[in-house]
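Bear in mind these aren't lab numbers, they're just calculated from the coordinates by the rules spelled out. Keep in mind that what you see is a predicted model, and the values were worked out from it rather than measured. With ideal geometry, Cβ positions are generated from the backbone for all residues, glycine too; neighbour counts draw on all protein chains shown.
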Amino acid sequence: MSIRVLQPGLLDTIQDAGRTGYQHLGINPAGAMDRIAMYVANSLVGNAPTEAVIEMHFPAAALLFEDFAMIALSGADLGAMVNDQPVPVNKPVLMTRQAVLRFTRPVSGAICYLAVRHGLDVAAWLGSYSTHLKAGAGGFEGRALQRNDVLPMRQVTPYNKFLQQHLARELPWSIGVRDLYTTGNPIRITTGSSFALLNEHARQQLTDAAFTITQQSDRMGFRLQGPALKLAEKTEMLSAGVTRGTIQLLPNGQLIILMADQQTTGGYPRLAHVITADQPTLAQLQTRQQLHFNLITTTEAEDLLWHQEQRLQLLQNACKLRLEEWLSQYGLH
Amino acid sequence: MNTTFSITPLGDSALIIEWEQEISLPVHTLVMQVFHYLQSLDLPYITDLVPAYASLTVLYSAAMIRQQAPPPAFQWLTEQLYSMLQQAAAVVPPVRRLQVPVCYHSSLGPDITDMAHRKNISVADIVNRHTARTYTVYMLGFLPGFPYMGKVDDVLATPRLKQPRLQVAAGSVGIAGEQTGIYPLASPGGWNIIGRTPLRLFNAALDESCYFRPGDQVQFMPVSLQEFNQINGTEAR
């Protein structure tokens with residue numbers, strides 16, 4: 001009743017919506033970098049939207065399904081294959097026992113999510129399945145997946161009636177995700193408490209210039225390369241709580257955007273914040289890609305998030321109905 | 001004392017309450033009053049609270065607030081916070097007094113000899129000055145359970161290392177500027193390491209994984225290398 005890691009990828013971790021309520025102890029939430037993809041993958045297989053998923057960068061893990069499974073991939077298209085059969089993203093797919101899922105090439109996006117129906121049987125830490133790499137806790141033994149790790153599935157359903165001789169077979173519906181993401185650029189931001197400290201030229205540069213995601217980017221933060229931004233005058237700041245999406249100004253004038261494994265506090269000027277609705281789009285940009293920022297108001301940011309969450313809720317309900325209908329056709333549950 | 005504060009959005013899902021920007025116990029007590037008051041309310045739409053030196057970051061679910069109040073959520077929450085902060089003024093924050101054994105032997109505090117040399121004082125003088133004060137845990141950050149404590153004796157204040165170490169041992173006690181802190185986990189780090197505690201300060205297997213809490217009052221007790229080895233690995237409780 002499990003999935004075996006035949007070959008680990010660059011960084012494959014178990015993630016969910018993250019752990020809340022412990023940031024006063026310095027324990028950051030972690031969680032999926034792209035919460036839309038987590039939500040979509042889970043919805044497609046009929047899970048609660050924040051069930052634990054496998055988050056994978058490229059190169060991604062090769063996974064052996066030791067038993068039947070209903071899975072869905074979402075987020076980046078990393079050219080998933082079972083033998084010579086492509087496995088699409090944003091569609092539920094049934095896997096036969098002993099099928100091996102491989103990711104062959106980065107087609108689009110940066111991070112792929114795999115959800116399995118009924119979820120993975122991993123232990124929660126402080127109320128979340130997310131892997132906390134620094135604490136070495138949560139997810140699968142608090143670390144990235146390694147060769148021969150065995151991830152138990154909570155429940156296995158024999159899908160042989162539908163699969164017949166197929167190694168993998170798509171179910172006949174999908175989710176169109178395009179309008180859930182911003183089309184690439186610009187990434188929308190709201191002003192931070194230190195925005196006013198920038199000199200006038202730098203304020204203009206923040207929204208006019210192109211910034212490149214450097215290779216020194218990871219789950220903690222995206223370091224950007226762009227024009228060096230200058231403050232009107234030097235300031236010494238007291239460290240304070242920061243959040244995912246906070247854009248900090250480093251002493252060399254470059255920017256860092258805090259991502260899922262961000263520290264809970266920071267002492268650099270907080271210039272701006274990537275709106276929550278656009279954080280998944282940002283997470284799916286690849287290193288060396290360029291981005292632009294567009295300033296909007298906090299009210300607009302909140303409205304965009306609200307509409308995005310409503311849409312995800314509708315999609316989840318639609319998926320649920322579709323799946324229940326299909327399962328009953330085959331006398332499954 | 002100046003008790004005025006400001007409330008500013010920190011993105012679309014967090015607000016920051018800021019008091020006078022200084023490192024002082026009176027200002028931090030204001031932070032802790034509001035922190036404990038909001039914790040005690042246990043409001044479902046507040047997802048996290050991050051107290052720091054002179055600020056409290058409040059993370060919230062805008063979606064949950066919008067289900068019960070007219071948008072925008074940040075405006076509604078700001079108004080709520082203004083009245084909550086008045087209530088909080090009556091809170092007496094609980095304060096724990098902790099004693100933490102530290103061995104200042106140069107094998108465990110690789111920067112102590114150099115620091116003494118540069119400041120033209122003895123290693124014993126550093127130990128005396130470091131253990132003479134009771135420190136306030138102003139905030140936890142950087143790593144799970146890492147306490148930012150202050151302030152140290154002016155003589156001990158030292159800038160961070162120019163070249164951070166790739167690995168600092170768990171339990172290492174360091175100084176950065178006017179602050180002193182302890183690495184609960186092994187990690188890269190740039191603080192000047194002057195000693196190490198034998199206590200285990202982070203254990204994910206425990207219900208309370210982190211030993212320190214914001215607002216703790218901490219005193220260091222010097223122990224010998226022999227004592228260090230005897231109690232090394234003991235759970236801090």
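Key figures for this structure:
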{"read-out": "Residues located in the range A:122-167, provided they are of a type in the set (A, V, I, L, M, F, W, C), in contact (Cβ under 8 Å) with a residue 60 or more places away in the chain and in a loop (DSSP other than H, G, I, E, B)", "value": "A:VAL122, A:LEU126, A:LEU133, A:ALA135, A:PHE140, A:ALA144, A:LEU145, A:VAL156, A:LEU167"}
{"read-out": "Qualifying residues in the range A:130-182 (those that are in contact with a helix residue (DSSP H, G or I) (Cβ under 8 Å, 6 or more places away or on another chain) and of a type in the set (Phe, Trp, Tyr)) - the one surrounded by the most Cβ atoms within 10 Å (Cβ to Cβ)", "value": "A:TYR181"}
{"read-out": "Cβ pairs under 6 Å, 6+ apart, first in the range A:21-40 and within 12 Å of chain B (Cβ to nearest Cβ), second buried (at least 24 other Cβ atoms within 10 Å of the Cβ) and aromatic (Phe, Trp, Tyr)", "value": "A:GLY26/B:PHE146"}
{"read-out": "Whichever residue in the range A:260-285 is among the polar types (S, T, N, Q) and farther than 22 Å from A:GLN205 by Cα and, among such residues, is farthest from the other protein chains (Cβ to nearest Cβ)", "value": "A:GLN284"}
{"read-out": "Residues within the range B:122-163 that are within 14 Å of chain A (Cβ to nearest Cβ) and either in a helix (DSSP H, G or I) or more than 19 Å from the chain's Cα centre (by Cα) (or both), tallied", "value": "1"}
{"read-out": "Options B:VAL50, B:VAL58, B:VAL27; residue that is closer than 23 Å to A:LEU238 by Cα, facing another protein chain (nearest Cβ under 7 Å) and hydrophobic (A, V, I, L, M, F, W, C)", "value": "B:VAL50"}
{"read-out": "Filter result for B:HIS105 (part of a helix (DSSP H, G or I) and farther than 26 Å from A:GLN262 by Cβ)", "value": "no"}
{"read-out": "Breaking point among (1) crowded, with 20+ Cβ neighbours inside 10 Å; (2) within 14 Å of chain B (Cβ to nearest Cβ); (3) free of Cβ contacts under 8 Å to residues at least 60 places away in the same chain, for A:THR299", "value": "(1)"}
{"read-out": "Strands (runs of 3 or more DSSP E) wholly inside the range B:170-237 containing at least 2 residues that are over 18 Å from B:PHE142 (Cβ atoms) and hydrophobic (A, V, I, L, M, F, W, C)", "value": "B:217-222"}
{"read-out": "Qualifying position, being of a type in the set (Ser, Thr, Tyr) and closer than 23 Å to A:ASP278 by Cα, among A:THR235, A:THR214", "value": "A:THR214"}
{"read-out": "Members of the range A:279-289 that are in contact with a Phe, Trp or Tyr (Cβ under 8 Å, 6 or more places away or on another chain), more than 13 Å from A:SER217 (Cβ to Cβ) and of a type outside the set (Ser, Thr, Tyr)", "value": "A:PRO280"}
{"read-out": "Some residue of the range A:295-308 being more than 23 Å from A:LEU44 (Cα to Cα) and within 18 Å of the chain's Cα centre (by Cα)", "value": "no"}
{"read-out": "Residue among A:ALA144, A:ALA209 that alone is closer than 20 Å to A:GLN254 by Cβ, of a type outside the set (Ser, Thr, Tyr), more than 14 Å from every other protein chain (Cβ to nearest Cβ) and touching a strand residue (DSSP E or B) at 6+ places or on another chain (Cβ under 9 Å)", "value": "A:ALA209"}
{"read-out": "Hits in the range B:1-24 - residues which are of a type in the set (Gly, Ala, Ser), within 7 Å of another protein chain (Cβ to nearest Cβ) and out of contact with any Phe, Trp or Tyr (no Cβ under 8 Å at 6 or more places or on another chain)", "value": "B:GLY11"}
{"read-out": "Options A:GLY176, A:GLY245, A:GLY241; residue that is of a type outside the set (A, V, I, L, M, F, W, C) and on the phi > 0 side of the Ramachandran plot", "value": "A:GLY245"}
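Residues are listed down the side, and each one gets a yes or a no for (1) aliphatic (A, V, I, L, M); (2) within 13 Å of the chain's Cα centre (by Cα); (3) part of a strand (DSSP E or B):
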{"position": "A:GLY21", "(1), (2), (3)": "no, no, no"}
{"position": "A:MET38", "(1), (2), (3)": "yes, yes, no"}
{"position": "A:GLY46", "(1), (2), (3)": "no, no, no"}
{"position": "A:ALA60", "(1), (2), (3)": "yes, no, no"}
{"position": "A:ASP67", "(1), (2), (3)": "no, no, no"}
{"position": "A:MET70", "(1), (2), (3)": "yes, no, yes"}
{"position": "A:GLY75", "(1), (2), (3)": "no, yes, yes"}
